[in-house]
């Protein structure tokens, strides 16, 4: 389908190692003048649902500065665009939980908030697990919980998990379990 938006100008208003923000003067699909601010992420959002043979999983909790509140999530982080995505997923799982997996299944692709950002994300189910020591980054103060996957689904249903990548991954895994795919 052809793009009905017309870009008149693009100005960079902010740049750091993780994001770049542009201000755009546009003509909307009706021909009216407008503006758009776009947040461009320099990494890819990667989430992992570790799942053992008994359908237990691990979630991580941390205080999210941007929200000014505590957040429960699946293990997740950013992957550099020039690094294989699976390598980044493996690194994130080890960093945040100490878990290594022999079996990896990509389960979804998503755009995190397509009205304001072009951020792309994906997630995996990690299985056939072995356990070690977590190695979080200096910016992470994590609490790790092992729970039955059904309890994590309930947390998501009750609004105790609100992260977009975590929610979509949790619900996709539940559908795959229900359909006998995991």
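Throughout, read-outs are computed from the coordinates displayed, never taken from laboratory work. The model shown is predicted, which means the values in this text are computed figures rather than measured ones. Don't worry about glycine lacking a Cβ; one is built from the backbone with ideal geometry, like all the others, and counts go over all protein chains shown.
Couple of notes before you dig in:
- Across the alpha-carbon atoms of segment 49-132, the computed radius of gyration and Dmax are 13.6, 39 angstrom.
- Gaussian network model of the chain, Cα within-10 Å springs - most flexible of 56, 43, 11: 11
- For segment 12-71: span of alpha carbons on each principal axis (Å, largest first): 56, 26, 21
- Share of pairwise Cα separations in the chain, more than 20 Å, in percent: 58 percent
- 222 nm mean residue ellipticity, helices alone, for the chain (DSSP H n ≥ 4; -39,500 (n - 2.57); rounded to 500): -6500 deg cm²/dmol
- Cβ-based exposure ranking for 8, 144, 46, in which fewest neighbours within 10 Å come first: 8, 144, 46
- Relative contact order, whole percent, for the chain stands at 22, derived from Cα pairs under 8 Å and 6 or more residues apart.
- Between helix 164-178 and the chain: long-axis angle, C-alpha atoms, 0 to 90°, nearest 10: 50 degrees
- Angle in degrees between helix 85-97 and the longest Cα principal axis of the chain, rounded to the nearest 10: 60 degrees
- Calculated over segment 1-102: convex hull of Cα atoms, volume per residue (Å³): 190 Å³
- GNM flexibility winner over the chain from 123, 115, 169 (Cα, springs under 10 Å): 115
- Order of 5, 58 under a 10 Å beta carbon neighbour criterion, fewest first: 5, 58
- Each Cα pair under 8 Å and six or more residues apart adds its separation to the average, and for segment 6-94 the resulting relative contact order is 20 percent.
- Distance from segment 31-53 to segment 139-168 (C-alpha centre basis), Å: 19 Å
- Highest-fluctuation residue, 19, 107, 35 considered, GNM on the chain with Cα pairs under 10 Å: 35
- Residue exposure proxy: 157, 176, 1, ordered by other Cβ atoms within 10 angstrom of their Cβ from fewest to most, comes out as 1, 157, 176.
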